[in-house]
Amino acid sequence: MIAEFGLAALWLAAALSALQLLAGVLALMRPEQAAVTAGRRGHAPSVADPPETGPGPLVRPAAVLQAALCATAFAALLVLFARTDLSVSLVADNSHVAKPMLYKLTGTWGNHEGSMLLWVTVMALAGGLIAAVERRLPERTMLATLAAQAFVALGFYAFLLFSSNPFTRLSPAPPQGMGLNPLLQDVGLALHPPTLYAGYVGLSVAFSFAVGALVTRQVTPEFAKVMRPWVLGAWVFLTLGITAGSYWAYYELGWGGWWFWDPVENASLMPWLAATALLHSASVLAARDALRAWTIMLGVLAFSMSMLGTFLVRSGILTSVHAFAVDPQRGTFILALLLIYIGGALVLFALRAGTVSEGERFAPLSREGALVVNNVALSAILGIVLLGTLYPLLTEAFGVRVSVGPPYFNPVGAIFFLPMLVVLAVGPLLRWRGDSFKRVSRPVIMVAAVGLGVLLLVWLLTGIALLPLLGMALAAMVGVGSFLPLRGRSLLRLPLPVWGMVIAHFGVAVALFGMAADSAFQTERLVASRVGETIRVGPFAVELAAVSPTAGANWTAITADLQVRYDGGAPRSMAPQSRSFWAPQQEVSEVALLTRWNGQLYAVIGGEAPSEAAGETMGQSGTSRWQLRLWWKPFVTFIWYGGLLIALGGTLSLVGRVSEDLRRRTRRGLIAGRRAEALA
Amino acid sequence: MSRFLAAAAALLFAAMAPVPATAQDRLPPAPYADRQLADPGQEAEARALMEQLRCITCQSQSIADSNAPMAGDMRHQVRSRIAAGESPESVRAWLVERYGDYVSYEPRIGTATWPLFAVPAVLLVIVLLILRRRLGARR
């Protein structure tokens, strides 16, 4: 019953999105004509007119109801997974009675159909939310925006209902489910995809706003102010999703890597780059009415990258850890959606961009100027990531297989990233519209001196490679530069968005420092060790105290007991595990991490080491040797602290902007109330 | 001869020993798969190279980041060749000859890959042009 109920809710939601699209389009076609005829008769429609009749008023309620129905469908799927209802094909394929409850629930989106349903649910909720609360824009722009949102959602509803139905029944029901990939049975999975999707799909709002503004040609500072909180929200989620995903890969894959330039990672990085550029460009539009077309373009681009990412991950075109769906029919479907939406938006942009002027002008040395550098650099980096991600797929289509990895992305991306960081360190000090070198020369010289000082010091003391060296120097510059906008200002009266900017920029410095420190200074020890032996890695002495068998709900394991001393201090325990899951059968290393303020010790037990042919005979098999992998990773945690700081900065900005808006609303309400009293 | 016998016995024993179900059909990894070279300089070279080589049987992982037996074998190859005095680039060339360009994460400029280098150059020009147009002219 629940499955049928969910499916019915999903169909109804799809029908409502069709209604929302239709009513929106009809309403957009109507009033323009009405205005024309009214104009001919000689009396323009006034603001005080009673709300119009016709299809327009249907749009917002349709959006809200659609969100409720889609959420209901998702809740139904959650219940099916919680109960392990094996008569539903998706549950039977991806779950198992013996799985812990948490992973039963998170298993809902640990598969193709469920994750697409989550995708559409987030999209519907975002649309419902703007329909319910956003009233600052001209109503026609809102109608166009909601119609665009419904148009995109409709395609993805069709995709779900026709090629990825999560509620398909299976008859007869199997006695037992197939289980969930053990790599995915982890708390990280509970958080990672929903967070990432909130960001990915949250950007659909920016896309729809951009389309709406293009349709009505209303690209104003007000438009940027309305769009900005939504972009900020999506961007915060995306930042958290990428940060969490990176940490998840770090501790789950068991080799200490935190970024692989894997196409799936790139798929989440590309919308982030576009959204970051959009955020900064929207600030320029909101504050100075400049960069209009550019902001619209980035709005379209950001969600286009989300859809491209969805296509790459969901179509099975990449075969990677994340791609659990391989089905060409689905791939073609998403590709078609991708072409319709991105192509359609770009055509609209090409038709309308000419009528949207670039807006206010500004001097090269100004806040706007610095933000233009940020925008073009981020866009160029996006171009490189896009190229490096898609190029191997392209050549593969022609029978040539090439790999594009870190040795390409790191240096080529750095060409644009490093100069951008220099501008980031001093840009926030500049004034809007125009500034003079004289006014900012002192802080600029100070930041430059810090950068050069760190560069020379680190180079002379350690002689590390060029990229980490530059990374350290720039981290210092950005770190110092990020706090300079606070100079001479009352910290208590500083608006929240300024705090947000300062903290987010400082987060960039922190993350950069972590990346540079880890890649330059990590130490590695791979050993086959007997119980009782002590291994030195970096400043640590690690004793393999014991190895014992362990059992969990759906796995058995060997667990190592490591006694770890930092610099001869008191011992601390670490317990890395090598787990063997039985549904499905797979071996997974559970990493043990020892976190200190200045880095992490990363320990893995790989299993029993093979006895060496030379020098060892059968008689010694009683004292097994265990394969251990140990890394001392100085300041590696700063990468994720930095990511969290960036997200915190975004959150503060968001809170600042939203409360500003709420204050304005209540003020307006008070004025309206007083006016009503005066009239009475 | 006795060493040969011992090895043969070891093999036989290994084949008959009750191994965990999941570890079946797996040969013991090659010696340098998970053991570092004694010379830290050589190990650093090997490590840097391993991070730039793709594990052929895995999904977007370098051989330095993979549990796959194939990655272990390749790590063994890299380490033992570098220990024997080969330069990292010649090891890379040997692997590319064997497995194709696909094995190296560092694309070489060639007939199939030149756009990877041309496009960033074009992007750089475009970026400079945009900056000149937007920031240069007015003073």
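Only the coordinates and a few stated rules stand behind these numbers; no lab work does. This is a predicted model, so every value here is computed, not measured. Virtual Cβ from ideal backbone geometry, glycine too; neighbours counted across all protein chains shown.
Here the 3J(HN,Hα) profile of the stretch A:94-102, calculated from phi with Karplus coefficients 6.51, -1.76 and 1.60 at θ = phi - 60°, is 10, 10, 7, 4, 7, 7, x, 3, 4 Hz, Gly and Pro shown as x. For the stretch A:209-246, no residue has its backbone nitrogen under 11 Å from a point 7 Å from the Cα of A:L662, taken along Cα to Cβ.
Using a Förster distance of 35 angstrom, determine the FRET efficiency expected from the C-beta separation of A:L170 and A:A575, and round it to 0.05. Spell out each step's value before the answer.
Working: r = 40 Å, r/R0 = 1.14.
It comes out at approximately 0.30.
Spin-label model, A:L335 to B:L129: label points 7 Å out along the Cα-to-beta-carbon direction sit 3.1 nm apart.
Once both labels are positioned 7 Å from their Cα atoms along Cα-to-Cβ, the gap between B:D73 and A:L418 label points is 4.0 nm. Among B:A84, B:S66, B:V96, which residue has its Cα furthest toward the positive end of the charge dipole of the stretch B:60-110, with +1 on Lys/Arg Cβ and -1 on Asp/Glu Cβ? Selected residue: B:A84.
Which length gain, in nm to one decimal place, applies between A:A397 and A:R433 when the Cα-Cα distance is subtracted from 0.36 nm times their residue separation?
Numbers: separation 36, 0.36 × 36 = 12.96 nm, distance 4.88 nm.
Extending this stretch completely gives an extra 8.1 nm.
Rounded to the nearest 500, what is chain A's calculated 222 nm mean residue ellipticity when only DSSP H runs of at least 4 contribute -39500 (n - 2.57) each, over all residues?
On the way: 17 runs with 426 residues, N = 680.
Theoretical 222 nm ellipticity from helices: -22000 deg cm²/dmol.
Take each residue in A:466-477, count the other chain C-beta atoms within 10 Å of its C-beta, and the mean is 0.
Between the amide H of A:V537 and those of A:V542, distances stay under 5 Å, these residues lying 5 or more places away or on another chain, with hydrogens modeled in the peptide plane. Sorting A:D561, A:D262, A:D567 by the number of Cβ atoms found within 10 Å of their own Cβ, with the fewest placed first, yields A:D567, A:D561, A:D262.
Given axes a ≥ b ≥ c from the Cα gyration tensor, I'd like to know whether chain A is rounded (a/c under 1.5), prolate (a/b larger than b/c) or oblate. Because a/c hits 1.5 or more and a/b fails to exceed b/c, chain A counts as oblate. With the charge dipole of the protein assembly as shown set up from +1 on Lys and Arg Cβ and -1 on Asp and Glu Cβ about the Cα centre, the Cα lying farthest toward the positive end among the listed residues A:G354, A:W272, A:G463 is that of A:G354.
Near the amide H of A:W432, within less than 5 Å, lie the amide hydrogens of A:R367, all on another chain or at least 5 residues away, with H placed in the peptide plane.
About the Cα centre of chain A, what is the dipole size in debye to 20, counting +1 per Lys and Arg Cβ and -1 per Asp and Glu Cβ, all else neutral? Don't skip to the end; give the middle numbers.
On the way: 48 positive and 35 negative charges, 565 e Å.
It comes to approximately 2720 debye.
If the segment from A:V498 to A:R565 were pulled out straight at 0.36 nm per residue, it would be longer than the present Cα-Cα gap by 19.8 nm.
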